[in-house]
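What follows is a short report on a single structure.
The values are calculated or read from the model by the stated rules, or taken from the named source; none is laboratory data. Predicted model, so just to flag it, every value in this text is computed and none were measured. Here the Cβ positions follow ideal geometry from the backbone for every residue, glycine too, while neighbour counts run over all protein chains shown.
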Amino acid sequence: MRKPPKLTKRRSTLSALDRVAHAADALRQGRGIVIKGKPSLVAWAVETAPQAALAGQNALLLLTHARAATLKIRLYTPKLVALALPRGMSMREARAIADPTADLDFPLKGPFETSRDALPQAAEAAVKLAKLAGLLPACIVRRGTLDGAEAVAADDILSYDDEVVRTLTIVTRARVPLDGAEETELVAFRAGDGGPEHYAILIGHPPTKKPVLARLHSECFTGDLLGSLKCDCGSQLRGAVEAIAKAGGGVLLYLAQEGRGIGLINKLRAYRLQDQGFDTLEANERLGFAADERRFAIAARMLTLLGYTSVRLMTNNPDKVAALEAAGVTVAARVRHAFPANAHNSAYLRTKAEKGGHLL
C-alpha cells in the first residue's frame, strides 16, 4: 500500500498566508505552535492555553505595553514585556494578568519579575498572531520545539497585513437594490488567506475619473445589525447610504474590522470595562490593544480595484484621511459625517472628540 505523504511535506507547499492562518486557528483551539526565528519560540495564546503550557522551565508571559502599563509594570523592552511565571501558577491566574475583565476578581497581582533581556522577533510575532486569531494580545512562550505543532516563520506573521492587501481580489458583484438607493451594486472582496470578506456598496454609477464620494465603514454587529445605542455606527452606516444616494452616487466600503480592529468578543470585553467607568479608548488599552487597531491599506486596495484613485471622504476622523493618503489614495476633500448623540453614547462621542481627535 502506498504511504501517504508526510505532514511536513504538505505544510511546505502551503503559502505564507496559509501557514499564518493555520497557526492562528491552532492558537484559537488552545494548541501550541512553533514560531521560527532566531531563536524559535513555542507559543500559546494565554486566553486558550492549557495548564500544560506552564509546565517545564523558563515559561514567559508576553504582554503589550498597553496592558503592562495598566498593571504598573516597568517597560524595559520595546513593544512588549516578558514576565517570568513562578512554578505552580495556574492558568486561571496567568489569564487574570492578561485579562482586565478579571481585575475585580483578582485585585492583587504581582510583584512581577520582568525580563530586561532583548526579546526575539518571534515574541512580537506571537502576540501579533494572537491578535489575528481574535484573542487577547498575550502569549505564553518558551524556547525550544513542540512535537507535532504547527510551525510558522516570524517574518510571515509580521508581514501578514501587507500580504493580505496584496492578494485582495474581487470575488463577485451583483445588483442589490436598497431602500432609498435602488441603483446599488454590492461587490465582494476576498484576500489570499480566505479570511473574512470585505464589501463595497456602489450606489449609482460614480465615474472613476473624478473624486468619488466615499465612506469607509468598519463593521459593527451591535450597532449596524442590532441597533445598539452605545455607539453611532448604525446611524453612520444608514446615514452614509442616504447621503450618497442624495448626492447622485458614490461608494461605501464595509470593512471586516469590528471594534476598531479588535474583534467582536474583545469589543464586548471593552464594553464590560466601560461599565466599570473606563472610556472607550482606555478600555481598548487595558485589554492590551492600541486605541485603534484598524488598517486602512485594505480600503485603498479596494478603491484601486474598483478604479478609484481619488475620493471625497465622508469622515470625522483625520487619521482615516492620513491613512488612506499614506496608502496611495488622494483625499480631495473631507466631508463631515456626524449624527446627534443619545443618552447612551454621549460619553463615547465626547471621548472620540477629546481624545481621538475626531472633528465632531
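One table, with the values for the structure above:
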read-out	value
Region 58-79, subset of a type in the set (D, E, K, R) and surrounded by fewer than 23 Cβ atoms within 10 Å (Cβ to Cβ), residue modelled with the highest pLDDT	Lys79
Criterion (modelled with pLDDT under 95, closer than 22 Å to Ser115 by Cα, small (Gly, Ala, Ser) and in contact with a Ser or Thr (Cβ under 9 Å, 6 or more places away or on another chain)) met by exactly one of Ala55, Ala84	Ala84
Test: residue in region 351-359 that is under 17 Å from the mean Cα position of the chain (by Cα), surrounded by 15 or more Cβ atoms within 10 Å (Cβ to Cβ), assigned to a loop (DSSP other than H, G, I, E, B) and not charged (D, E, K, R)	no
Residue among Ala98, Ala151 that is of a type in the set (A, V, I, L, M, F, W, C), closer than 19 Å to Leu17 by Cβ and in contact (Cβ under 8 Å) with a residue 40 or more places away in the chain	Ala151
Matching residues in region 80-115 - criterion: being over 13 Å from Leu62 (Cα atoms) and among the basic types (Lys, Arg)	Arg87, Arg92, Lys109
Selected residue (criterion: farthest from Ser159 (Cα to Cα)) from residues of region 192-203 that are at pLDDT 95 or above and surrounded by 15 or more Cβ atoms within 10 Å (Cβ to Cβ)	Ile203
The one condition in (1) surrounded by 19 or more Cβ atoms within 10 Å (Cβ to Cβ); (2) closer than 18 Å to Tyr348 by Cβ that Gly250 fails to fulfil	(2)
Residues being within 20 Å of Ala327 (Cα to Cα) and among the polar types (S, T, N, Q) - total across region 158-209	4
Subset of region 131-165 (residues that are surrounded by 19 or more Cβ atoms within 10 Å (Cβ to Cβ), in contact with a Leu (Cβ under 6 Å, 6 or more places away or on another chain) and either modelled with pLDDT under 95 or more than 20 Å from Ile73 (Cα to Cα) (or both))	Ala133, Ile157
Residue match in region 57-75 (condition: assigned by TED's automatic domain parsing to the domain that holds Asp105, over 25 Å from the mean Cα position of the chain (by Cα), over 28 Å from Ala291 (Cβ atoms) and charged (D, E, K, R))	no
Matching entry among Lys267, Lys320 (being charged (D, E, K, R), farther than 30 Å from Glu47 by Cα and not assigned by TED's automatic domain parsing to the domain that holds Ala98)	Lys320
Pair list, Cβ < 7 Å and 6+ apart or interchain, from region 195-214 residues that are in the same structural domain as Gly249 (by TED's automatic domain parsing) and part of a strand (DSSP E or B) to residues that are modelled with pLDDT of 95 or more and hydroxyl-bearing (Ser, Thr, Tyr)	His198/Tyr254; Tyr199/Tyr254; Ile201/Thr184; Ile201/Tyr254; Leu202/Thr184; Ile203/Thr184; Val212/Tyr308
Residue list for region 292-308, filter: at pLDDT 95 or above and not hydrophobic (A, V, I, L, M, F, W, C)	Arg301, Thr304, Gly307, Tyr308
Any pair with Cβ under 9 angstrom, 6 or more apart, that starts in region 224-242 at a residue that is in a loop (DSSP other than H, G, I, E, B) and ends at one that is among the charged types (D, E, K, R)	Asp232/Lys352
Index of the failed condition, Pro340 passing every other in (1) closer than 23 Å to Arg238 by Cα; (2) surrounded by fewer than 17 Cβ atoms within 10 Å (Cβ to Cβ); (3) at pLDDT 95 or above	(3)
Members of region 282-295 found to be surrounded by fewer than 24 Cβ atoms within 10 Å (Cβ to Cβ), touching a helix residue (DSSP H, G or I) at 6+ places or on another chain (Cβ under 6 Å) and either of a type in the set (A, V, I, L, M, F, W, C) or more than 30 Å from Val187 (Cα to Cα) (or both), listed by number	Glu285, Arg286, Ala291
Residues within region 267-281 that are in contact with a helix residue (DSSP H, G or I) (Cβ under 6 Å, 6 or more places away or on another chain) and polar (S, T, N, Q), tallied	2
Qualifying residue in region 250-262 (condition: among the hydrophobic types (A, V, I, L, M, F, W, C) and more than 22 Å from the chain's Cα centre (by Cα))	yes
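Matching residues to (1) small (Gly, Ala, Ser); (2) more than 30 Å from Ala102 (Cα to Cα); (3) in contact (Cβ under 8 Å) with a residue 60 or more places away in the chain; (4) not in a loop (DSSP other than H, G, I, E, B):
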residue: Tyr254; (1), (2), (3), (4): no, yes, no, yes
residue: Gly259; (1), (2), (3), (4): yes, no, no, yes
residue: Leu273; (1), (2), (3), (4): no, no, yes, yes
residue: Ala291; (1), (2), (3), (4): yes, no, yes, no
residue: Asp319; (1), (2), (3), (4): no, yes, no, yes
